[in-house]
Each structure stands twice: as structure tokens, then as C-alpha cells.
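Report on the structure given below.
The values are calculated or read from the model by the stated rules, or taken from the named source; none is laboratory data. The structure displayed is predicted, hence computed values, not measured ones. Cβ atoms come from the backbone with ideal geometry, glycine included; neighbour counts cover every protein chain shown. The protein model used for the area step is the full one, side chains on, heavy atoms only, and it has no ligands, DNA or RNA in it. Shrake-Rupley method; radii C 1.70, N 1.55, O 1.52, S 1.80 Å.
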Amino acid sequence: MKKRINKIVHAIDRLEVLMDVLREECPWDQKQTLSSLRTYTLEEVHEVLEAIDREDWDNLKIELGDLLLQIVFYARIAKEQQRFSLHDIAEAVVEKMIRRHPHVFDRKETENLSKQWEELKQAEHSDRESLMDGIPPLPALAYAKKVQQRAARVGFDWTQAAEVLEKMHEELAEFENEVLEKMPKAERLEDEFGDILFTLVNLGRKLGIDAELALMRTNRKFSERFRGMERLASDGLEALSLQEQEVLYQKAKALADKPGQ
């Protein structure tokens, strides 16, 4: 079986045959469905993003391979259902990219590439009744950015980041009022907290910051610093006061932020 795969010249063809073999011979691969693969796909995407953030080219190659394997797996399942093949996926994306780049392939000049891109996308989905239609079930921060971008298409958007900053202070004040209530209602607190997050996503969007990626980066940064705290605490963190833990955190932060660390 291995010899059969290795005899194939092109790597993509080898990958497709490999998936055929796995689907036919491996019990785990045999029972996978479109739904069961979703979790693994999401994990692979995040691992790709992490490798990019770290500028780890060797690992990026590996993670992109894992992500590519997911695509090949979906294509194999679709082929079994007589829906489409890996070849069909490649053909469709080539056709779409040519269609969405008339300034490249048809030499049509345009003053605003972003506007042209959105108009061409919209023309492909003329059956949608609302600008909010067709947004995938993204993580909440990414979803917020997407709905804001859709609303901005018709001008329902802040003109400057300073205006969003003012709105953020307003939302924070409303949240503070709820927190200081004698018996704050959980539902109201959640609503006001959600408004703060939504406004922060908007502020990030106006400043060219992706909130989802920014939070992923901060999560990773905190995790690394906390691991540093654990290494510095010879008797464990539990034995330390909060003030002592903060001292260790600052030390771990300084070590982690050192060039070359």
C-alpha cells in the first residue's frame, strides 16, 4: 500500500490516494463525518494561526499540511456522496478568484478594490434578503466584526475611531451602573458586558486590529507568563499571597518579554 502511494509523482495526487486508503482501511477514518470533523478543522486553523504569530516557518508547513488534509478529507466524503471532488473544489476557487479580480485578468481599472470585491461578492449572492444573511457561525468576536462590516456597506458605521472610543466609555459607564446596583440582574449584566465587547470589536476594526486574533495573542501571552510564574514558585503558587504572586508575575513577564526569549 505504501509503495502504491509513493509511486505517484505529484504530492497532491499522493495525498488524495492516501485519503482513499485511510477511508477504506482505517476504522477511525471510516466513521468520520462532516460534522465530526468540524472540531478538528477548527483546531487546525488555530494551530496555523499560532505558527504564523510565532513566525515558526517549520511548524507552519506542518500545520498547513494538517489543514490541507482536512480539506482532502471533506472532499473524499463529498465524493462518496456524489456531490463534488477535490478537483471540483480547485476549479471552483480558480473560477471565483478570476471572476473577483477583473482588474487583473480583464485589465479593468478600479479606484476602490475593496468596494469592487464586496460588490462582486454581493452579486454572487443576489438571493440573500438581508446583509446579515450568509454569515457563518464564527467565534463571537469574529462574528461581531463580520456583522459590523456588513452594516458598514450601507454606511451604518462610525466615521472615526474616536467616536467608537466615546461609545465605549458610555457602555462602560452603563455596565458600572449595573454592577453597583444593590441586586444586579445577571441578564442585564450580561447584556451590558456584551455591549462593551461589541464596541471593543468595533474600535479594533476602525484601528485595523482583529479582536479575535488580538485576544488569541493575549491568551497565549498570559499562559506563557503564568507558566513562568509556576517555574519561579519553588513551593507552588498556592502558598503565596496575591501580592507575592503579582511580584512573580512581573518577574515572569520581564523574562518572557526579553529579546530572544
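So in the range 219-237, with the set limited to residues that are part of a helix (DSSP H, G or I) and open to solvent by less than 70 Å² (accessible area, probe 1.4 Å), which one is farthest from K251 (Cα to Cα)? Can you show your working first?
Initial filter on the range 219-237 (part of a helix (DSSP H, G or I)): 219-232, 237.
Add one more test, that the residue is open to solvent by less than 70 Å² (accessible area, probe 1.4 Å), and what stays is 220, 223, 225, 228-229, 237.
Numbers: R220: 17, S223: 14, R225: 9, G228: 8, M229: 8, L237: 14 Å.
Applying the filter and picking the extreme gives R220.
Which ones in the range 169-192 are within 14 Å of A144 (Cβ to Cβ) and either open to solvent by 100 Å² or more (accessible area, probe 1.4 Å) or modelled with pLDDT under 95 (or both)?
Kept after step one, since they are within 14 Å of A144 (Cβ to Cβ), are these residues of the range 169-192: 171.
Within the range 169-192, no residue meets the criteria.
Show me the helices (runs of 4 or more DSSP H) found entirely inside the range 72-159 where at least 3 residues are open to solvent by less than 60 Å² (accessible area, probe 1.4 Å).
So the answer is 86-99, 113-124, 140-152.
Does the range 238-253 hold any residues that are at pLDDT 90 or above and either among the charged types (D, E, K, R) or open to solvent by 60 Å² or more (accessible area, probe 1.4 Å) (or both), and which are they?
Within the range 238-253, E238, L242, Q243, E244, E246, V247, Q250, K251, K253 qualify.
Hey, could you check the range 61-71 for residues that are among the charged types (D, E, K, R) and surrounded by 15 or more Cβ atoms within 10 Å (Cβ to Cβ) and say which is nearest to T39 (Cα to Cα)?
Ranking the qualifying residues of the range 61-71, first place goes to D66.
Conditions first: (1) charged (D, E, K, R); (2) more than 26 Å from the chain's Cα centre (by Cα); (3) surrounded by fewer than 11 Cβ atoms within 10 Å (Cβ to Cβ). D58 passes all but one, so which condition is the exception?
(2)
Among the residues of the range 19-36, write down those that are in contact (Cβ under 8 Å) with a residue 24 or more places away in the chain, open to solvent by 50 Å² or more (accessible area, probe 1.4 Å) and not β-branched (V, I, T).
Within the range 19-36, E25, L34 qualify.
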